[in-house]
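Working notes, beginning with the structure itself.
The values are calculated or read from the model by the stated rules, or taken from the named source; none is laboratory data. The shown structure was predicted, so the numbers you read here are calculated from the model rather than taken from an experiment. Backbone-built Cβ (ideal geometry, glycine too); neighbour counts: all protein chains shown.
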Amino acid sequence: MDPIERLTALFEKFPGIGPRQAQRFVQFLLRSSPAGRRELVEAVQSLSGAVHQCEHCMRFHGGSGKVCSLCSNPQRDPQYLAVVSSDADLSALEKSGTYRGFYFVLGGTISLASEKTSGLRVKQLLAAIPERTASGLKEIILAFPANPEGDATTIKIREELSATNKDIRITALGRGLSTGSELEYADPETIKSALESRK
Ligand SMILES: [Zn+2]
């Protein structure tokens, strides 16, 4: 396969990237310096060796421990656990600067076609609650995207959690987020108001 076509095809696999954008990425790399291209190659390679999945929140992190810097930070408030769909949504919530609790990355949302939770870390989430309750957990905030899949996930996870955790408050982000908006693209003010209006 032609190297340009091969790289274009690889970029096209990225979420949200179409053929035109993929071609623009390749053109950009062709114009870049050899040092610039090498930096990209090295950064991609380093993902294999230096990145670990956190045992607590399940996000990928570049630290050396089994637990990420967020989960091992004693300044975080153990009363709150935010359940998010992806690492990107976790970052968005974190960047909003308003949330000081812990996180759990579910690994996606329910697909409306199948209504299945396969591939989502529902069991791991449920299994982690007793230990978190012992460390002071009082409220679980379901912070899924404001779209039909996100809403379906909120309903399902709320159901699962409330069956076994009677003493914990379970809330979901308020509608400060406009419908259809992805958490990861929301601005910090919007996330802040969604958090404040949770119910
Ligand atoms: Zn973590």
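Worth a mention:
- Only one of the listed residues (Gly101, Gly136) is at positive phi, of a type outside the set (A, V, I, L, M) and more than 11 Å from the ligand (Cβ to nearest atom). That residue is Gly136.
- Condition met for Ala186 (hydrophobic (A, V, I, L, M, F, W, C), modelled with pLDDT under 90 and surrounded by fewer than 17 Cβ atoms within 10 Å (Cβ to Cβ)): no
- Answer residue from the range 51-104, given it is hydroxyl-bearing (Ser, Thr, Tyr) and without any contact (Cβ under 8 Å) to a residue 60 or more places away in the chain and is farthest from Ile129 (Cα to Cα) among those: Ser64
- Check on Ser64, among the polar types (S, T, N, Q), within 16 Å of Thr190 (Cα to Cα) and out of contact with any Phe, Trp or Tyr (no Cβ under 6 Å at 6 or more places or on another chain): no
- Options Pro78, Pro130: the member that is at pLDDT below 95 and farther than 30 Å from Leu29 by Cα: Pro130
- Test: Ser72 is surrounded by fewer than 14 Cβ atoms within 10 Å (Cβ to Cβ) and farther than 27 Å from Gly174 by Cβ: yes
- Residue in the range 144-156 that is among the hydroxyl-bearing types (Ser, Thr, Tyr), away from the ligand (no atom under 16 Å from the Cβ) and part of a helix (DSSP H, G or I) present: yes
- Criterion violated by His56 - all others in (1) exposed (fewer than 15 other Cβ atoms within 10 Å of the Cβ); (2) near the ligand (Cβ under 9 Å from one of its atoms) satisfied: (1)
- Residue tally, condition assigned to a loop (DSSP other than H, G, I, E, B) and surrounded by fewer than 21 Cβ atoms within 10 Å (Cβ to Cβ), over the range 88-132: 19
- Among the residues of the range 11-58, the ones that are among the hydrophobic types (A, V, I, L, M, F, W, C), assigned to a helix (DSSP H, G or I) and under 23 Å from the mean Cα position of the chain (by Cα) come to 5 in all.
- Checked against (1) at pLDDT below 95; (2) within 15 Å of the ligand (Cβ to nearest atom), Leu125 passes all but a single condition, namely (1).
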